[in-house]
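Structure first, then comments.
Readers should treat all values here as calculations from the given coordinates under stated rules, not as data from a laboratory. The structure displayed is predicted, hence computed values, not measured ones. Reconstructed Cβ throughout: ideal geometry from the backbone, glycine too, with neighbour counts over all protein chains shown.
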Amino acid sequence: MLSVEEAQGLVLAPLAPLGGETVPLSQALGRVIAEAPCARTSHPSADVSAMDGWAVIAACGVTHTQIGESSAGHPFLGRVGPGQAVRIFTGAVMPEGADSVAIQEEVTLEGTTIRLSGPVPPGLHVRKEGQDFKTGQSPLAAGKLLSARDIALLAAMNRPWVTVRRRPRVAVLSTGDELALPGEPIPAGGLPSSNGLAVAAMVQSWGADALDLGLAADDFDSLVAKARAAEGCDLLVTSGGVSVGAYDKVKESLAHLGFEAGFHKIGMKPGKPLMFGRLGRMPVLGLPGNPVSAMVAATLFLKPMLRCLLGLEPALPPILLAQLASPLPAAGGRQEYLRAGLERQADGRLAALPFKGQDSAMISEMAKAEALIIRPPKAPAASAGETVPILLLD
Ligand code: AMP
Ligand code: MG
């Protein structure tokens, strides 16, 4: 059976970053830079004072005569000569000639004569032009996910817009005769559909837009009609109907639309019935129906796919280490992803507590989980305190 890593390689291989679009900074949070922007100004744009005090020539000793003032936005237009000083405030441009700032706490003033408590070195309390970045430099690289701090930087670079990757458009289709949309009448013995809304929410939180195609019944006509509505999307994600039961009709229905199958089963638990292929140029990811399986598979496959489309590196989720808080039995033949809680220990290391309820239909355990403990195929029993690999959820 295909391993998780092999399957991740197969789903990511055909993907390339989407094109860019230019957005105002007010809408850039959480977007990914498509083109490294250059600074349109230096920061600071001139030598400026970092403190309130007097701008002086350091080599001229401790006694100076004040000849003017430079405040933020109102530079002193003259020149400081030997023995002269200019009253200066934080952020104000250093007057020509001066090379140092004596802070006001260390100066005594008598009329226009100022006396420093001691000599100052050249360059003291002066922020040099371009100390932070210079015009034309690109302190932000393509592929950067924009944080609020990056937006501060872009604004300081005098760039009101930024070119970011287009948000991937993801069609989400849930399947199953037993399902109803939450709030609708539930068929006898059925249940509310949670996968569609969960996947759409994940898609949104991972920087893409979801087009929820709703529910398809387990019949050819319904599946074909709903799947057609995915046209124009970058990705189609289905849930359910990809196992080996008589009502698992997703694959044969998509085949009618020209589906080229990749794989439909992988060595993972939960989430063995995972399907991948393409409809024309559009990749199709068929998630298992069991809600926990669907969400774990989305975390391991859909999220990296979206990261690839967004040009984010690395695409695969990082694997951290934690110490087991309770023992685990030997693993089976598939790679297991156990729902777990996390706790920070006194020594700063993470402890992972595997939950008792690991059934792939236990949505409450999945909702509560903070991490997935990764158990490689055939991993031997592990005792408390052993180090295990984990994936963080959220
Ligand atoms: P399937 O893969 O279609 O055989 O579904 C496996 C299990 O997952 C069945 O118990 C389904 O009822 C359940 N299931 C399938 N789709 C959903 C969904 N959208 N929301 C909640 N449970 C689902
Ligand atoms: Mg089904």
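Positive end of the charge dipole of the chain (Lys, Arg +1 and Asp, Glu -1 on Cβ, about the Cα centre): tell me which of 182, 331, 152 has its Cα farthest that way. Checking the options against the dipole of the chain, the answer is 331. Close amide H partners of residue 20, meaning residues 5 or more places away or on another chain with modelled amide H under 5 Å apart, are 166. Taking the Cα centre of the stretch 195-329 as reference, the dipole from Cβ charges on Lys and Arg (+1) and Asp and Glu (-1) amounts to some 360 debye. Between the amide H of residue 371 and those of 340, 393, distances stay under 5 Å, these residues lying 5 or more places away or on another chain, with hydrogens modeled in the peptide plane. Each distinct pair of alpha carbons in the stretch 44-175 adds a 1/r term; the inverse of their mean, the Kirkwood radius, is 17.2 Å. Projecting the alpha carbon convex hull of the chain along each direction and taking the average yields 26.7 nm². The Rg/Rh ratio for the stretch 1-112, using Cα coordinates for both the radius of gyration and the Kirkwood hydrodynamic radius, is 1.44.
On a per residue basis, the convex hull of the C-alpha atoms belonging to the stretch 320-392 measures out at 78 Å³. In this structure the amide hydrogen of residue 326, modeled in the peptide plane, comes within under 5 Å of the amide hydrogens of 385, none closer than 5 places in sequence on its chain.
Cross-link partners for residue 269 among the lysines, with Cα-Cα distance under 23 Å and sequence neighbours closer than 8 places in the same chain left out: 249, 251, 303, 356, 368, 378. Note on residue 252 and residue 135: with the Förster distance fixed at 45 Å, the Cβ-Cβ geometry gives a FRET efficiency of about 0.15. Compactness of the stretch 199-332 was expressed as the Cα radius of gyration divided by 2.2 N^0.38 Å, which yields 1.13. Put simply, when 12-24, 228-240 are sorted by average Cβ atoms within 10 angstrom per residue, most first, you get 228-240, 12-24.
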